[in-house]
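The structure appears right after this line, and notes come after that.
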Amino acid sequence: MPKNQRLQKIIYTLLEALDMERPNDMEISNSEDSSDIYDSEEEECFFSNVDSVNEEEASDKEETLAVSHPTQPQVGWLLPSSSSEDEFIPPSQTSYSTSRPVTRFSDGASISLPTQRSPIHGPSTHRKRTRQRGCGAASKRSKPAVSRSDDVRERWHNAEEPDVEPQSPKFQPKNPVGPRIDCTTTWSPLSLFKLFFSSSSLYNIKNNTNANAEKRIAAGMKFDWFPLSVQELHVFLSIIIFSGMIRLHARSDMWRRDWPYNFGFPRSHMTRDRFESIFWSLHLCSITEDEENKKRKGTSAYDKLVKIKPLYNEIIHACNSLYQPGREITIHKRMVASKDRTGFRQFTKDTATRFGYKLVVLADSQTGYTWNFFIYQGKTENVQGEGLSYTSVMDLMNFRQLGEGYHLYVDNFYSSSALFQKLSAHNTLACGIVRPTCIGFPTTKVNDLPKNAERGDMRWLRKDNLLFVKWKDTKEVTMCSSFHKAFTGHTTKRRVKKAGQKQIKNIDVPDPVRDYNKYMGGLGFSDALIQYYSVHGKTMKWYKTFFYHFLDIAIFNSFILLKQLAISRGDTPMTQKRFREILMKELVDEAKAIDAASAPQPTLSTTCLPMYFGEKAGEARRVCVQCKAQGRKVKTPVYCSKCNVALCFTSGRNCFRDFHLKQ
């Protein structure tokens, strides 16, 4: 094909791509050198796919052509200029000129083009719309060039590429880490337990339970009831703790006498009917306040947790004030199993506890101490615009009591770039599993982790002050951290299949993954220890379910305090099982001490004692009532201080004894 025809074909294709009318005749200035013009096959291959390629591929091809073919044309408006060389001005996107467009070549050749038509008239618009509808590639445009340049700047790095360790704020807790109690005092399990279940709380529970029992009796329920006392409440709590030490199908089995039951402890301290009557009438809040809250049901003033609010607030306050967590803390959800029919009971699929109440808990990673928590009440609760995961963490992080420099570990439900940035503003750093679809996660695919990556392969990318890591274990794990370095050479053991056999192999592990597995287990450790001896029993009242769990939290946190005190003194700490056994015994002993202290002291008017009528024996005498009943009239100076009757009390007769034995 002659070079002029090839050049004309190129120009026609360019005009069609720019939605311009094809002119009937064109003035062409021949170029002296046309050796760099494309071949016919290359022209058809390139220009037949102009509308089917995306913008990124088209821009890459234009850059390649500009380098390899110096005679590639540039289309613009040729305007008069004072300089010797013509000036190239790009066409406007909003206005149109009546001057004739000119195509300039680098070797001096120029083409006079017709005026561009309006974008809303003419056959060119019709052809453009037809191509967009008919071409699938043209309808699926890629990202603009700006986002592509951003992706080029963001690049995943290998483990061999060094990372810069970020600067972390100094760890400055508000109080020394550990128990915030007098370490010089000898603490018993009961004394620590009463820091969470105080005497005032027990008195309130006693009064509210008595009021609820009277209400039930007034409503027509028939059961034996007499007012509950504090000492009985102590025995009641000890039997509940005992029910967590053994596993029985029914609560009443604790009072069975036949084999293999025959437990002596509950039966010797409280009858089964008395225990059941206390449990049925158990109430934690004021009856009056509960009735007023029921009238507000359906309004914004209605409180779903009013039945447990007094004990709930006291437990949280005690947890916050009695212990200072270490630097590593965790936030996770905890499920309390229950099948009660309430509005905020949750269902979680593929978990051990499918039905129950969800608690969001902040715990110390080292000890498992429950430092703060709240009860999730369902989607009807109002949350801020950042979402539930954001507000849950910020509500639990009491920065005034915690301090600065803490390392927080969370799971993928709470992890987000916005949350980690907000925590950094409070000098609190965070690390956790993050979802790849989360806002702020890098979208670049440059040097990304391949799908067929081997176990232990990793990629990392630092964006602002956040580190994003991809690591291949059995499946791909994505992490985000604001204080970790990507990789410092740590390894972990994994069972890898090689040559048809599974072998233990050390594979590389990123620092965020390693610390997450180490410290995120703190809350799981806490949940496991609580479940070992959980006092949770069968009940259809949701507030009694929380009463059980609050009792578990109080016992476990008391055990952690006693354990930390023993470690600080260099002693061997006792086990949780032994702690609960001693606590049960001390509760029973406390009940006996309260009963003895509240019993009336014996006096002369309440005790049968021999007394003289006068100050000295023989000053005054009266007829003995016992002798008189036998037909004898004998006077005696002795009388009974309680019965106030004259009775003989001599070496020959003991009418005092005979009279009282008859009574």
For the stretch 308-320, give me the residue count where each residue is touching a residue at least 12 places away in the same chain (Cβ under 8 Å) and open to solvent by 40 Å² or more (accessible area, probe 1.4 Å). 3
Scan the stretch 321-346 residue by residue and report those that are in a loop (DSSP other than H, G, I, E, B), open to solvent by 20 Å² or more (accessible area, probe 1.4 Å) and polar (S, T, N, Q). 342
Tell me, please, whether a residue that is aliphatic (A, V, I, L, M) and in a helix (DSSP H, G or I) can be found in the stretch 625-647. yes
Hey, any hits in the stretch 540-560 for a residue that's touching a residue at least 12 places away in the same chain (Cβ under 8 Å), open to solvent by less than 20 Å² (accessible area, probe 1.4 Å) and acidic (Asp, Glu)? yes
Within the stretch 397-416, track down each residue that is crowded, with 19+ Cβ neighbours inside 10 Å and either aliphatic (A, V, I, L, M) or not in a strand (DSSP E or B) (or both). 397, 402, 406, 408, 410, 414, 415, 416
List every residue pair whose Cβ atoms lie under 8 Å apart, where the two residues are 6 or more positions apart in sequence or sit on different chains, the first residue falls within the stretch 201-226 and is of a type in the set (Asp, Glu), and the second residue, located anywhere, is open to solvent by 40 Å² or more (accessible area, probe 1.4 Å). 224/273
Unique match (being over 17 Å from residue 417 (Cβ atoms) and either free of Cβ contacts under 8 Å to residues at least 60 places away in the same chain or among the small types (Gly, Ala, Ser) (or both)) among 478, 488: 488
Residues of the stretch 398-427 that turn out to be without any contact (Cβ under 8 Å) to a residue 40 or more places away in the chain and either among the charged types (D, E, K, R) or touching a strand residue (DSSP E or B) at 6+ places or on another chain (Cβ under 9 Å) (or both), as a count: 5
Applying the selection to the stretch 223-268, what residues are of a type in the set (D, E, K, R) and either at pLDDT 90 or above or within 17 Å of residue 279 (Cβ to Cβ) (or both)? 224, 232, 251, 253, 267
Just checking, does the stretch 361-374 include any residue being modelled with pLDDT under 85, among the polar types (S, T, N, Q) and open to solvent by 10 Å² or more (accessible area, probe 1.4 Å)? no
Considering only residues of the stretch 347-357 that are assigned to a strand (DSSP E or B) and surrounded by 13 or more Cβ atoms within 10 Å (Cβ to Cβ), which is farthest from the chain's Cα centre (by Cα)? 355
Are there any pairs with C-beta distances below 6 angstrom linking a residue in the stretch 618-640 that is on the phi > 0 side of the Ramachandran plot to a residue that is open to solvent by less than 100 Å² (accessible area, probe 1.4 Å), with the two at least 6 apart or on different chains, and if so which? 618/637
Taking the stretch 269-287 and the residues there that are β-branched (Val, Ile, Thr) and within 23 Å of residue 550 (Cα to Cα), the one that is most open to solvent (accessible area, probe 1.4 Å) would be 287
Would you mention how many residues in the stretch 561-581 are of a type in the set (A, V, I, L, M) and exposed (fewer than 15 other Cβ atoms within 10 Å of the Cβ)? 2
How many residues does the stretch 625-639 contain that are open to solvent by less than 50 Å² (accessible area, probe 1.4 Å), hydrophobic (A, V, I, L, M, F, W, C) and more than 12 Å from residue 610 (Cβ to Cβ)? 2
By residue number, the members of the stretch 177-200 that are under 25 Å from the mean Cα position of the chain (by Cα) and either β-branched (Val, Ile, Thr) or closer than 30 Å to residue 465 by Cβ (or both) are 177
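The values are calculated or read from the model by the stated rules, or taken from the named source; none is laboratory data. None of these values were measured; they are calculated from a predicted model. Backbone-built Cβ (ideal geometry, glycine too); neighbour counts: all protein chains shown. The area values use the complete protein model at the heavy-atom level, side chains included, leaving out ligands, DNA and RNA. Shrake-Rupley method; radii C 1.70, N 1.55, O 1.52, S 1.80 Å.
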